[in-house]
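Structure record follows, encoded as structure tokens.
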């Protein structure tokens with residue numbers, strides 16, 4: 001193949017949806033709502049974000065779904081400027097899901113988060129890590145209990161496809177976060193990494209992880225209820241040199257590792273003689289390539305078949 005030094009010249013992207021029984025379903029998980037339990041403590045620890053992150057990690061490890069990256073989700077939420085309360089509605093969640101290009105979106109709520117005594121929660125956490133003993137965490141003992149529920153929403157119809165719920169309690173009694181992070185370090189209402197081993201060893205962490213794992217299992221079991229879709233992708237060859245081919249579409253466009261794409265060259269452009277508007281582009285098939293590496297905005301591929309030389313600007317699309 002010829003050596004090309006020009007990188008991305010232009011970006012052309014067209015994504016449509018067609019039915020397919022073999023496609024891996026793409027889902028996104030919104031931060032869980034925790035307004036029902038937030039009043040139990042005084043700091044601004046984002047429990048909903050922590051729980052949703054655990055669900056995402058569990059789903060990724062399982063591999064049943066293709067899970068949208070957190071960065072892409074945050075970018076859409078910032079652009080759309082939806083309030084936390086709006087995001088929980090099926091219609092808004094479906095709208096967010098369409099922008100993300102997923103098949104279904106998962107929304108959830110935390111309905112219990114604390115000790116067996118529901119009047120006591122995670123209050124009094126501000127200050128030093130070693131200062132937990134001054135608040136409710138240090139003065140109330142018992143088993144930690146966490147209850148969460150979720151809904152799987154079709155992004156095309158806003159229909160609730162499935163519901164899931166889980167409740168877990170620690171196997172032992174004690175302080176909710178007893179001993180977690182002791183030895184100093186500021187907290188001041190910040191966040192706690194729920195995925196850390198230190199957190200998991202607390203009785204609260206034990207309950208959180210138990211509930212998250214049970215909920216994840218129910219969501220995976222709902223796989224068959226989600227309509228199967230496959231995205232027909234069209235982009236451009238951005239680089240081609242000695243077997244390395246780079247295209248300007250990636251995971252955010254639905255490209256996955258192992259996917260095969262057709263490379264086509266535009267040989268004639270048909271325009272409206274009155275307006276100059278492009279009516280149709282006629283193409284010849286040059287080659288077929290297989291995706292070997294994917295990031296959010298681009299992909300690497302290798303040649304599978306074809307005798308023609310691949311050139312920057314050639315169209316790539318699902319065969």
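The values are calculated or read from the model by the stated rules, or taken from the named source; none is laboratory data. Quick caveat: nothing in here was measured; it's all calculated off a predicted structure. Counting neighbours? That spans all protein chains shown, and the Cβs are built from the backbone with ideal geometry, glycine included.
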Answer yes if at least one residue in region 232-245 is touching a residue at least 12 places away in the same chain (Cβ under 8 Å) and within 18 Å of the chain's Cα centre (by Cα), and no otherwise. no
On the given criteria, is residue 77 buried (at least 16 other Cβ atoms within 10 Å of the Cβ), assigned to a helix (DSSP H, G or I) and either in the same structural domain as residue 235 (by TED's automatic domain parsing) or at pLDDT 90 or above (or both)? no
Which of the residues spanning region 166-194 are surrounded by fewer than 16 Cβ atoms within 10 Å (Cβ to Cβ), in a strand (DSSP E or B) and at pLDDT 75 or above? 171, 172, 173
Of the numbered conditions (1) part of a loop (DSSP other than H, G, I, E, B); (2) at pLDDT 65 or above; (3) touching a strand residue (DSSP E or B) at 6+ places or on another chain (Cβ under 8 Å), residue 45 fails exactly one; give the number of that condition. (3)
Which condition breaks for residue 309 when tested against (1) under 16 Å from residue 24 (Cβ atoms); (2) out of contact with any strand residue (DSSP E or B) (no Cβ under 7 Å at 6 or more places or on another chain)? (1)
For the structure I just gave you, tell me whether residue 276 is assigned by TED's automatic domain parsing to the domain that holds residue 263, at positive phi and in contact with a strand residue (DSSP E or B) (Cβ under 6 Å, 6 or more places away or on another chain). no
Report, by residue number, each residue of region 260-289 that is closer than 30 Å to residue 97 by Cβ and surrounded by fewer than 16 Cβ atoms within 10 Å (Cβ to Cβ). 260
Among (1) at pLDDT 85 or above; (2) under 30 Å from residue 74 (Cα atoms); (3) surrounded by fewer than 18 Cβ atoms within 10 Å (Cβ to Cβ), there is one condition residue 149 misses while meeting the rest; what is its number? (3)
Condition check for residue 301: more than 25 Å from residue 99 (Cα to Cα), crowded, with 19+ Cβ neighbours inside 10 Å and not assigned by TED's automatic domain parsing to the domain that holds residue 99: yes
Any chance region 302-316 includes a residue that's under 23 Å from the mean Cα position of the chain (by Cα) and within 30 Å of residue 65 (Cβ to Cβ)? no
Whether any residue in region 195-204 is part of a loop (DSSP other than H, G, I, E, B), at pLDDT below 95, crowded, with 21+ Cβ neighbours inside 10 Å and in the same structural domain as residue 71 (by TED's automatic domain parsing) is what I want to check. yes
